[in-house]
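Everything below concerns the one structure shown next.
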Amino acid sequence: MLQSLQALQSFGRQYHWLQQMRSTHPIWLDEASRTWHVFRYEDVKRVLSDYTQFSSKHKLRSNEQRQFLGSSLLMMDPPEHRHYRNLISPFFTPRALSRLSGRITAIVQDLLDRVRATGTMDVVADLAYPLPVTVIAEMLGIPPEDRPLFKDWADVLLTAPSNDAELVQAAGEERFQRRQSVIQEMTDYFIQKLEEHRRHPQTDLLSELLTAEIDGICLSQEDILSFCRLLLIAGHVSTVGLLGMAILCFDEHLEVMEQLRQHPELMPGAIEEVLRYAFVIRPLTRRTTTQVIISDACIPANSTVLAWIASANHDSSQFPDPDRFDITRSPNRHLSFGHGIHSCIGAPLARLEASIALPMMLEQLPRLQRVPESSVELLESGSFLWVKRLPITFAPTAPG
């Protein structure tokens, strides 16, 4: 198991605990919270796939979660979910996104050129973070001069304590109020941009949402704002996490880094293995719509169920030798981007950005390595734990 990842599991359950639960209590009821936990691959996959018995409509514990997620795709079941997802899914197909390859390459090159001569960079702050934020902003039609706002908002909002009291305790009253202020600021901004796009339609996602209809009815302003919030926050977290964890994995498996330099065609498999092996994902929540029998457990109706994707991805019944980092692993049917109707709509974009950025980093940053004495910090954001800061060094080279 990734050593730096092991050292950071104070953010959640230890991997060895997940392994123990898979073996001894694959379906476990936490009596204190009356919450059911599911750990094995096939059971987790069923919970994520069977929306008729495991609904995504569950109670949100904080006002902030309700503001962000209450009307989003993440909290919908079919047929409502299908109608709304179909509105934006054409923008996120591999074919549609392939048109962005040249632009993504240009963004990555610009970010690398800023640091290549210095011999040092923070993978997150200097590349993994600005890359997807820029791409999402451009897709939405946000002008370049406003894109720093996205970073400012995300810096404040990319934490997710489970309720308001925990948020105040963890962040302090002042920061809690700042978060509330940012939410309102972001809402006001998008309302203004929607008005501008109504008057002057463009070829971007905001303009498309303004003209979109479901059963002949245009989307409400709140529906569109929900899409904007989801794309802004959730639309780039997966890329940030994937790039950061990939560099950690490559740094701790130097033979893999050299292999990828020599054979860049292996990068797609390496990306999938990073997603399986090191992508730290907190359990996804579902609510049972009826009494459910899963494995040998009987789960009552209207129960909260937590599906542990991180556990499923290390289930030896699905992944032989699961704690070995193997970029040639095949098949590699990990669940890091979910499964079924709620599979991550931004997954093709995250894969595309990583498939462009990682080979460019390995090629243009010789002798890349993580700063040995630097600690690895994880930031919690919704279902993800991702690298907050990752200093690296490399042999300086001249841009161009």
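The values are calculated or read from the model by the stated rules, or taken from the named source; none is laboratory data. From a predicted model like this one, the values you see are computed outputs, not experimental measurements. As a convention, Cβ positions derive from the backbone with ideal geometry for all residues, glycine included, and neighbour counts pool all protein chains shown.
Quick notes
- Restricting the first member to the range 188-208 and to residues that are buried (at least 17 other Cβ atoms within 10 Å of the Cβ), and the second to residues that are polar (S, T, N, Q), the beta-carbon pairs closer than 8 Å and six or more apart or on different chains are Leu194/Gln221; His197/Ser207.
- Members of the range 323-369 found to be aliphatic (A, V, I, L, M) and closer than 22 Å to Pro391 by Cβ, listed by number: Ala354, Ala357, Leu358, Met360, Met361, Leu362, Leu365, Leu368
- Enumeration of residues in the range 209-220 that are in a helix (DSSP H, G or I) and either surrounded by 14 or more Cβ atoms within 10 Å (Cβ to Cβ) or touching a Gly at 6+ places or on another chain (Cβ under 8 Å) (or both): Leu209, Leu210
- Extreme residue, nearest to the chain's Cα centre (by Cα), among residues of the range 46-56 that are surrounded by 21 or more Cβ atoms within 10 Å (Cβ to Cβ) and within 16 Å of Ala297 (Cα to Cα): Val47
- Among residues of the range 86-103 that are closer than 11 Å to Ile356 by Cβ, those with a Cβ under 8 angstrom from a residue that is crowded, with 17+ Cβ neighbours inside 10 Å and among the charged types (D, E, K, R), sequence gap 6+ or separate chain, pair up as Arg103/Glu138.
- Residue ranges of helices (runs of 4 or more DSSP H) in the range 92-145 with at least 3 members at pLDDT 90 or above and not acidic (Asp, Glu): 101-113, 130-140
- Residue that is surrounded by 12 or more Cβ atoms within 10 Å (Cβ to Cβ), at pLDDT below 90 and outside any loop (DSSP other than H, G, I, E, B), where the choices are Gln180, Gln184: Gln180
- Among the residues listed as Arg351, Arg324, Arg333, the single one being surrounded by fewer than 16 Cβ atoms within 10 Å (Cβ to Cβ), within 22 Å of the chain's Cα centre (by Cα) and either over 20 Å from Ser55 (Cα atoms) or not small (Gly, Ala, Ser) (or both): Arg333
Condition check ((1) buried (at least 19 other Cβ atoms within 10 Å of the Cβ); (2) at pLDDT 90 or above; (3) within 27 Å of Glu373 (Cβ to Cβ)) across all residues:
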site: Gly235; (1), (2), (3): yes, no, no
site: Ser238; (1), (2), (3): yes, no, no
site: Gly241; (1), (2), (3): yes, no, yes
site: Ala246; (1), (2), (3): yes, yes, yes
site: Phe250; (1), (2), (3): yes, yes, yes
site: Glu255; (1), (2), (3): no, yes, yes
site: Leu260; (1), (2), (3): yes, yes, yes
site: Pro264; (1), (2), (3): no, yes, no
site: Met267; (1), (2), (3): no, yes, no
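- Tally, over the range 369-400, of residues that are modelled with pLDDT of 90 or more, part of a strand (DSSP E or B) and under 22 Å from Val280 (Cα atoms): 4
- In the set (1) in contact with a strand residue (DSSP E or B) (Cβ under 6 Å, 6 or more places away or on another chain); (2) of a type in the set (D, E, K, R); (3) modelled with pLDDT under 90, Arg229 fails one condition alone, (1).
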